[in-house]
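Structure record follows, encoded as structure tokens.
The values are calculated or read from the model by the stated rules, or taken from the named source; none is laboratory data. Computed from a prediction, not measured in an experiment: that's the story for all the values here. Each accessible area value is taken on the protein alone, full model and side chains, heavy atoms only, with ligands, DNA and RNA left out. Shrake-Rupley method; radii C 1.70, N 1.55, O 1.52, S 1.80 Å.
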Amino acid sequence: MLQKDPCQKQACEIQKCLQANNFRDSKCQAVIQELRKCCARYRKGRSLVCSGYDKEEVEKLKPKSTSQ
């Protein structure tokens, strides 16, 4: 039996909020923060919804190259 993604509810709430607000993410920051909290609560690999978020966070932590 497949387990339900623990952060799917928050991801769906983000989609609803974005659609209701003409995709202005500034109007949905509270809902986005709830997804971040959920992703932080579950270890990597437990939530497919968070896999993109996890990759985004890793990219933010990488040192920026200084091109000359």
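Observations, loosely collected:
- Per residue value of the accessible surface for the range 7-56 (all protein chains in place, 1.4 Å probe), Å²: 72
- The slack in the chain from D5 to Q29, taken as 0.36 nm per residue of separation less the alpha-carbon distance, amounts to 6.5 nm.
- Computed lengthening from K44 to Q19, 0.36 nm per intervening residue step minus Cα-Cα distance: 6.2 nm
- Rounded if a/c under 1.5, otherwise prolate or oblate - the range 1-54, Cα gyration tensor axes: prolate
- Annotated for the range 7-56: lysine pairs at least 8 residues apart or interchain, Cα distance under 17 Å, count 4.
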